[in-house]
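The structure appears below as structure tokens.
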């Protein structure tokens, strides 16, 4: 049985590399320099979220009402320093800036939160396919030397994905996640 597990793990590694290659084959997608309401007051543009980095990672989140999105965001805290060293980082949700800030503080999140506001950013990025129906995931952006912005990759989040380690750790148990669902507090 362990030989089969090893073989399957190797196949998954090959498939993961094929997925990375397929995502890159799509090529960069031009993106407008959106302006969003800022929790600090005023507005922030997409280009400002890069800070001094050439790359930006945007986490698309369904907001305070989603326990699963909260689980993914909580998991970012452990790697936020590594991510922020490599790229700008911001979590986006449909919640208003004040709600976001209060919720982020209550969770101890150490990354910037940004509201979609009244923009069509989530829809254009493929993370809002119906009114008030947001999807979780991530988008990677590149700011070119001329200041233009392109999206270089995206992925959707869901139970069992590669972006939340808890699911894979639960898979090691005899009964897997056993119907487990994330909570705001335990």
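The values are calculated or read from the model by the stated rules, or taken from the named source; none is laboratory data. Just so we're clear, the structure is a prediction, and the values are computed from it rather than from any experiment. Because the Cβ atoms are built from the backbone with ideal geometry, glycine has one as well, and the counts that use them run over all protein chains shown.
Quick one: in region 20-44, which of the residues that are in a strand (DSSP E or B) and more than 18 Å from the chain's Cα centre (by Cα) is surrounded by the fewest Cβ atoms within 10 Å (Cβ to Cβ)?
First, pick out the residues of region 20-44 that are in a strand (DSSP E or B): 29-31, 35-37, 43-44.
Then keep just the ones that are more than 18 Å from the chain's Cα centre (by Cα); that gives 30, 35, 37, 43-44.
On the way: 30: 8, 35: 16, 37: 19, 43: 13, 44: 19.
The selected residue is 30.
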- Note on the structure: When restricted to 17, 48, 11, the only residue assigned to a helix (DSSP H, G or I), modelled with pLDDT of 95 or more and surrounded by 10 or more Cβ atoms within 10 Å (Cβ to Cβ) is 48
- For residue 55, are the conditions met, namely being more than 14 Å from residue 140 (Cβ to Cβ) and either surrounded by fewer than 16 Cβ atoms within 10 Å (Cβ to Cβ) or out of contact with any helix residue (DSSP H, G or I) (no Cβ under 6 Å at 6 or more places or on another chain) (or both)? no
